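Comments concern the structure below.
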Amino acid sequence: MEIDNIGYFSCALCPHKCLVNRQKGQRGICGESAQMRIAWIGLHQGEEPPFVGDKGSGTIFFTGCPLHCAYCQNCQISQQKSPTGINVTVEELASLLLDLQYEGAANANLVTGTHFIPSIIEALQLAQRDGFTLPVVWNSSGFETVGGLSLIDPYIDTYLIDVKTLDEQVAAKFCGNVLYANNIRAVIAFLVHQHRQTFLESSGFLRGIVIRHLVFPGTLAATEEFLRWFAKDIKVHAWLSLMVQFVPPTGSIDLGEISSQEYDDLVMLLSELEIEEGFMQELADNIPWIPDFTRDNPFPAGFATPLPAFLELRNSRR
Ligand code: SF4
């Protein structure tokens with residue numbers, strides 16, 4: 001399959017549909033050409049428990065992003081021409097995937113790979129040919145197209161995917177455009193069609209779909225709209241991960257805080273809607289840091305371990 005021809009020549013891998021020729025170095029809103037770039041790879045303890053295993057989730061942070069959320073914690077690597085990433089070939093990514101497996105990662109966790117889908121597929125194919133067997137998690141903002149997801153879906157075991165909002169005004173304020181709200185239902189409908197069940201395997205890995213929703217303070221009506229939609233159409237197929245605490249970078253949007261009364265109201269609503277499978281962050285779980293991708297380990301000590309082979313590659317490119 002000539003995947004490059006599908007993806008990069010007239011790029012419509014995300015809903016922006018920029019139609020630029022990334023093979024020729026052109027860049028759309030995601031800020032990336034067809035040259036895959038990666039900011040960090042390592043074992044990460046910060047995902048939902050079924051993805052962490054004994055040693056951590058094998059997390060791969062790609063640079064660039066089609067969304068430009070006002071509160072992005074990863075703005076060092078998601079904004080255009082991020083200097084923190086390095087060029088990585090598909091052969092090198094395949095080798096790094098095998099290194100993650102060798103280091104005992106519970107899975108390969110691909111973070112914001114939407115705009116590099118063709119390269120990721122090639123790398124996964126090469127790695128699998130050479131013995132890569134880890135489950136693969138697609139960790140995404142949800143700003144996807146059914147066309148792009150159709151390409152990557154055969155390689156994905158679990159989607160760890162945001163539904164930030166269904167509301168156009170909230171999308172415009174927090175995600176930078178209304179396209180997000182107009183597109184997300186179709187994305188989740190496609191995933192549910194492909195993966196009708198979410199369940200824990202005997203290994204402890206969670207297969208299927210986990211929908212993450214961050215509650216934006218001051219927009220609880222939009223969260224209620226999301227939860228009612230989730231309960232009605234999605235909950236028999238997917239688990240929920242509800243997040244209530246988040247620290248945006250200094251100088252970006254001020255999210256404010258959820259009050260204890262609002263938190264209690266959310267717990268009551270989950271009960272009323274009989275949403276039982278999933279995860280809910282405690283108010284006290286607030287962690288006052290943001291990643292610093294200029295460091296070997298962008299996360300607090302004990303929270304993540306860099307993959308030595310990635311650091312070696314990164315040092316050789318600098
Ligand atoms: S992936 Fe990038 S270039 Fe392609 S449509 Fe989206 S923003 Fe535009």
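Since every read-out is calculated from the coordinates, none of them should be taken as a lab result. All values reported here derive from a predicted model rather than from experimental measurement. All Cβ positions, even for glycine, are placed from backbone atoms using ideal geometry, and neighbour counts span all protein chains on display.
I need the calculated FRET efficiency for the pair ALA221 and GLU48, taking r as the beta carbon distance and R₀ as 25 Å, to the nearest 0.05. Don't skip to the answer; put the middle values down first.
On the way: r = 26 Å, r/R0 = 1.04.
Efficiency computed from Cβ-Cβ geometry: 0.45.
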Checklist entry - How much net charge surrounds ARG317 when only the other residues with a Cβ under 12 Å from the Cβ of ARG317 are counted, with Lys and Arg +1 and Asp and Glu -1? => result +1
Checklist outcome for this item: The rounded separation in angstrom of the Cα centers of segment 23-83 and segment 173-208 is 18
Item to check | Rounded, prolate or oblate (a/c below 1.5 giving rounded, otherwise prolate when a/b exceeds b/c) for segment 26-103 by Cα gyration tensor | outcome: oblate
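At 222 nm, what helix-only mean residue ellipticity would the chain give, in deg cm²/dmol to the nearest 500, using -39500 (n - 2.57) for each DSSP H run of four or more? Before the final figure, lay out the partial values.
On the way: 9 runs with 91 residues, N = 318.
Mean residue ellipticity at 222 nm (helix-derived): -8500 deg cm²/dmol.
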Item to check | Taking ILE86, ILE120 and counting other C-beta atoms within 10 Å, the order from fewest to most | outcome: ILE86, ILE120
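Summing +1 for each Lys or Arg and -1 for each Asp or Glu, what net charge is found among the other residues whose Cβ lies under 15 Å from the Cβ of THR112?
Taking every Cβ under 15 Å from that of THR112, the sum is -1.
Any idea what the relative contact order of the chain is, in percent, if you count C-alpha pairs under 8 Å spaced at least 6 apart? Display every interim value, and only then the final one.
Details: 611 pairs, mean separation 54.9, N = 318.
17 percent.
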Item to check | Candidate lysines for bridging to LYS235, where Cα separation is under 29 Å - those fewer than 8 sequence places away on the same chain excluded | outcome: LYS164, LYS173
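What does the extension gain come out to for VAL146 and ARG196, with contour length at 0.36 nm per residue minus their alpha carbon separation? Kindly include the intermediate steps, with their values, before the conclusion.
Numbers: separation 50, 0.36 × 50 = 18.00 nm, distance 1.62 nm.
Full-extension gain reported as 16.4 nm.
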Item to check | Sites GLN169 and PHE303, calculated FRET efficiency, Cβ-Cβ separation with R0 30 Å, nearest 0.05 | outcome: 0.30
Item to check | Debye log10 I(q)/I(0) at q = 0.08, 0.10, 0.12 Å⁻¹ for the chain, Cα point scatterers | outcome: -0.34, -0.54, -0.80
Item to check | Stretchable slack from HIS68 to GLU277, in nm (0.36 nm times residue separation minus alpha-carbon distance) | outcome: 72.2 nm
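Sort MET36, MET268 by Cβ crowding within 10 Å, fewest neighbours at the top. Write down the numbers at each step before the final one.
Working: MET36 25, MET268 10.
Result, fewest neighbours first: MET268, MET36.
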Checklist entry - For the residues THR89, THR112, THR84, what sequence is obtained by ranking on other C-beta atoms within 10 Å, fewest first? => result THR89, THR84, THR112
Checklist entry - For the pair ASN315 and LYS24, how long in nm is the line joining their label points, each one 7 Å along Cα→Cβ? => result 4.1
